[in-house]
Amino acid sequence: TKVARKDARFQIWEVKCLKEGQRIFVKSLDTKGAINVCKERHSAMDVIVEGTRTMQVEKLLRERDISFDVVTNDITSLVGPPRRVRSPVLSPRMRSPIKKSLDWKDFYPLNVIYDFLDALERQYPSICTVTVIGNTVEGRDVKMLKISNSNARNTAVWLDGTIHAREWISTSVVTYIADHIARSFNTLPDYITNKDWFFVPVVNPDGYYHTHTVDRMWRKNRARFGNTITGVDLNRNFGLNWGRNGNTECASGDPNHLNYRGTEAFSEPETAAIKDIILYSGVPFKIFLTFHAYSELISFPWCYTSDPCPDYVNLLEGGTAMAKAIYETSGRMYKVGNFKDIMYYASGTSIDWSYGTARIPFTYLIELRSKKDRFLLPKEEIQDCCKEVLNGVKALAEFVDKKKCRNCNVHFKKNPQ
Ligand SMILES: [Zn+2]
């Protein structure tokens, strides 16, 4: 039996409740907000306990002769391969154990991210709008923030994070850029304010929630296949060349595979939501940025083939402008190249679709920090990473305004998949 660590942010305990009275008592602790019951079985319950409350809860349980085991100690800092932890059955009562505001000094759960978006809208109502663009399989909102001065001549920029649940730094970066643009809008140059900015900091809210509560290393969404939650790799679920080379690691047809592509293109509500906004919002998107971790690179289409895409040179130049700005900010070197060359084959990715189908000329998948710590970037590096990427994005926004490119002035409104 592990001991409850006081310094852990939160933990999962298996509480043995043999008597009905014990069970009622544990549930009353949930009602009071001291713990979160996430799974009930015949003689035990799995509960989430906030790190700062472990002593208090331990005492309360001991007083009533209720024994418990610490199943997962500090679920926010699991290192190594994913642990087999039982999935909690989500109840509507389930609350997030932490309540703080976003400061980019730490990683925060979904409710804090969404509160941040809503607060920006309240504070800057003339330029900020928050909309729910979709609902996940577990019923969570996919929220989007748009920042715009409502000029009809604007082009648009897309930025999304955490399509892969465990890549938390991507959410930090997207919210940081949104915060910067909203707060300093009146002092920013034309190449920023002449664009409508669309931010989806958490594309995969179910997966994100899961990484904060159960399995830090979860990647996919929380879709069911039969009776089991296998999840779909959302970055294999987009419509251009979906399932191509499906027997390889490219995009698997096996639900248990980490790169499971889903039953059909856009089968998942998260990817369908992105498709609908991009194709039908009525704004010509010129830039599409999707943030991942942890390879420190800037990649562009194609992912499904090693052939260069028609805008290879423009994309390389734009990527290099970003990488240069990043280097000048922090000395960090982000590699630039087409996805297949610097990563691996993948099909059904968002960038192949956004470039090839939605015809967004400057489309990039950016892998953030860190090669050293992989998915577990130390929180002390969050702000440095956000600052370097903010400057990279600004440099790209300036670059595209100077650049003549294929499709730049074409308005693609209706486009099948
Ligand atoms: Zn990723």
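Here are some notes:
- Rounded to 10°, Cα long-axis angle of helix 20-31 versus longest principal axis of the chain: 40 degrees
- The C-alpha atoms of the chain define a longest principal axis, and helix 169-183 lies at about 60 degrees to it.
- Residue pairs, from the table Lys146/Lys372; Lys324/Lys372; Lys146/Lys324; Lys146/Lys286; Lys195/Lys372; Lys275/Lys371, whose Cα atoms sit over 23 Å apart: Lys146/Lys372; Lys146/Lys324; Lys195/Lys372; Lys275/Lys371
- Applying the Karplus relation 6.51 cos²θ - 1.76 cosθ + 1.60 with θ = phi - 60° to segment 260-267 yields 3J(HN,Hα) values of 4, 8, x, 7, 7, 4, 6, 5 Hz, where x marks Gly and Pro.
- Put a dot 7 Å past the Cα of Ser184, heading toward its Cβ, do the same for Asp384, and the two dots end up 2.0 nm apart.
- The chain - charge dipole about Cα centre, Lys and Arg +1 at Cβ, Asp and Glu -1, debye rounded to 20: 540 debye
- Here the simple spin-label model places points 7 Å from the Cα toward Cβ, and for Tyr327 and Thr129 these points are separated by 4.0 nm.
- Calculated from backbone phi, Karplus (6.51, -1.76, 1.60) coupling profile of segment 200-211 in Hz, x at Gly/Pro: 10, x, 10, 5, 10, x, 5, x, 4, 4, 4, 6
- For Asn338, the residues 5 or more places off, or on other chains, whose built amide H falls under 5 Å of its own are Phe300.
- Crossing angle, helix 110-123 versus the chain [Cα axis fit, 0-90 degrees, rounded to tens]: 50 degrees
- Counting only DSSP H runs of at least 4 residues, each contributing -39500 (n - 2.57), and dividing by the residue count of the chain, the helix-based mean residue ellipticity at 222 nm comes to -9500 deg cm²/dmol.
- Whole-angstrom gap from segment 361-390 to segment 323-351, using each part's C-alpha centre: 11 Å
- Length released on extending from Asp69 to Asp276, taking residue separation times 0.36 nm less the Cα-Cα span: 69.9 nm
- Under a 5 Å amide H cut-off, with hydrogens placed 1.01 Å from N, Val232 pairs with Asn221, Arg222, Ala223 among residues at least 5 apart or on other chains.
- Segment 110-402 shape via C-alpha gyration tensor axes, a/c threshold 1.5: rounded
- Sequence-ordered 3J(HN,Hα) estimates for segment 300-308 from the Karplus curve with 6.51, -1.76 and 1.60 and θ = phi - 60° stand at 9, x, 9, 9, 8, 9, 8, 5, x Hz, glycine and proline given as x.
- Qualifying aspartates and glutamates (Cα of each under 18 Å from Cα of Lys59; at least 8 residues distant if same chain): Asp7, Glu14, Asp30, Asp46, Glu50, Asp69
- For Leu18 and Val137, a Förster radius of 35 Å and the Cβ-Cβ distance give a FRET efficiency of 0.50, rounded to the nearest 0.05.
- Ile342-Arg41 pseudo-label distance in nm [points 7 Å out on the Cα-to-Cβ vector]: 4.7 nm
Each value in this text was obtained by applying a stated rule to the coordinates, not by laboratory testing. These numbers come from a predicted model, not from an experiment. A quick note on method: Cβ atoms are made from the backbone with ideal geometry, for glycine too, and the neighbour counts reach across all protein chains shown.
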